[in-house]
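What follows is a short report on a single structure.
Where a number appears in this text, it was derived from the coordinates with a stated rule and is not lab data. A quick note: this is a predicted structure, and the numbers were derived from the prediction, not measured. Glycine gets a Cβ as well: all are built from the backbone with ideal geometry, and neighbour counts include every protein chain shown.
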Ligand SMILES: Cc1cc2nc3c(=O)[nH]c(=O)nc-3n(C[C@H](O)[C@H](O)[C@H](O)COP(=O)(O)OP(=O)(O)OC[C@H]3O[C@@H](n4cnc5c(N)ncnc54)[C@H](O)[C@@H]3O)c2cc1C
């Protein structure tokens with residue numbers, strides 16, 4: 001009995017942990033290309049950059065944990081092909097994550113990226129010496145980096161090609177709120193702005209505007225690491241294609257986390273998610289399947305982002321919506337946005353409302369519908385929809 005896990009990130013670690021928690025007694029090997037113990041990525045663009053969190057606190061477990069649990073960890077090793085894996089296996093779990101999408105414009109080499117611990121350390125070091133920072137990309141990671149830079153007293157600019165921030169995942173009300181909050185704290189937000197080229201200390205836009213920057217960081221999305229699956233002839237779409245049990249087209253090979261595209265009732269179709277919840281819950285689901293207790297993966301998606309002192313928490317998936325309802329008053333800095341498709345609640349964004357987010361998660365998981373007029377009424381008890 002043996003399990004090989006390729007990828008020593010959030011999902012890879014959790015698979016090994018959950019296998020032992022389920023009582024799996026066979027051999028477990030994690031092969032990861034990074035030269036570190038498995039660690040969490042969320043602090044890399046938040047507490048670690050700000051110096052509020054120490055590097056040792058990002059690691060999911062200390063080295064002794066893996067020894068005690070008899071989990072073999074092979075770090076610093078990139079698996080090139082599934083035909084030559086470092087160990088043989090009965091079950092294989094692909095937890096290879098995703099990598100940064102890179103700029104392709106002239107001068108692209110002047111930009112830094114932030115995905116790994118090493119990259120976070122490099123950005124942190126460069127931030128210390130920089131007076132001005134330009135972040136290309138107004139998504140979660142880009143905005144978190146801009147907030148951290150500003151909190152460290154830097155002159156910070158966000159350049160976004162879309163007409164609003166976080167356009168891929170958030171309603172216009174949420175985008176507007178975050179834009180105002182960033183601007184109120186001194187971040188310069190340039191929307192509808194296209195990068196033409198980079199110079200060592202400047203970003204040049206298509207309209208020839210030049211934005212000075214001691215440090216340029218790009219956060220323009222990721223690409224799933226699906227090459228191993230592709231080369232092995234496994235089905236691949238927007239990531240490695242898996243079924244509802246997270247099995248690839250080879251039933252002995254699973255794929256989880258950022259690299260996997262799976263069928264989700266929350267998406268009304270296939271989706272690839274990039275979140276801690278998704279990596280952890282999919283890993284747990286696969287561990288159960290390997291232990292002879294297969295169950296379809298049905299966990300409700302949730303996500304969070306911290307920018308300045310603002311916490312955004314999302315329950316469900318805000319994709320393909322046709323109606324949004326504002327609950328509460330953004331000027332109070334505590335409000336939610338409910339997302340509907342054809343009158344059915346699909347997602348809830350909660351801003352500085354942890355308790356409401358927890359209720360929203362339960363609503364989404366239970367497929368409980370809160371009618372749009374009820375959601376709009378701040379006096380309506382959301383929990384009553386769960387009864
Ligand atoms: C800066 C940042 C901030 C984030 N903040 C949040 C947040 O606030 N909330 C949230 O929910 N999510 C957040 N995320 C997303 C979350 O961290 C990811 O969704 C999660 O880490 C995915 O886990 P994973 O195991 O699928 O992939 P990863 O954690 O990326 O791990 C994959 C590992 O596989 C390795 N690998 C790839 N190919 C090979 C190979 N061929 N051989 C060996 N090893 C290989 C990679 O090097 C990597 O170490 C953030 C991500 C980043 C980058």
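Computed quantities for the displayed model
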read-out	value
Additional length obtainable on full extension of the chain from residue 68 to residue 268, 0.36 nm per residue less Cα span	67.8 nm
Volume of the Cα convex hull of region 12-148, divided per residue and given in Å³	139 Å³
Computed over the chain, Kirkwood Rh from alpha-carbon pairs, angstrom	22.0 Å
Residues residue 291 and residue 369, FRET efficiency given R0 of 22 Å [Cβ-Cβ distance, rounded to 0.05]	0.05
Fraction of antiparallel bridges per DSSP, the chain only, in percent to nearest 5	55 percent
Full-stretch length increase - residue 122, residue 194 - with 0.36 nm per residue and alpha-carbon distance subtracted	23.4 nm
Packing rank of 37-48, 83-94, 348-359, where each peptide gets the mean count of other beta carbons within 10 Å, highest leading	37-48, 348-359, 83-94
Most mobile listed residue (347, 95, 130) in the chain, GNM with C-alpha springs under 10 Å	130
Label-point separation, residue 161 to residue 85 (7 Å along Cα→Cβ), nm	3.7 nm
Computed label-point distance, nm, for sites residue 238 and residue 212 using a 7 Å Cα→Cβ extension	4.1 nm
Within the chain, helix-based [θ] at 222 nm, where runs of 4 or more DSSP H residues each add -39,500 (n - 2.57), nearest 500	-7500 deg cm²/dmol
Region 309-386: Rg to Rh, with Rh as the Kirkwood radius over Cα pairs	0.92
Sequence-separation-based contact order of region 209-288, relative, with Cα cut under 8 Å and 6+ spacing, percent	21 percent
Equivalent ellipsoid semi-axes, region 102-218, via Cα gyration tensor eigenvalues times 5, rooted, Å	20, 17, 13
Label-to-label distance, nm, for residues given as residue 33 and residue 2 (7 Å Cα→Cβ offset)	2.3 nm
Model label zone, residue 322; criterion: amide N under 20 Å from point 7 Å along Cα-to-beta-carbon; scope region 361-387	368-376
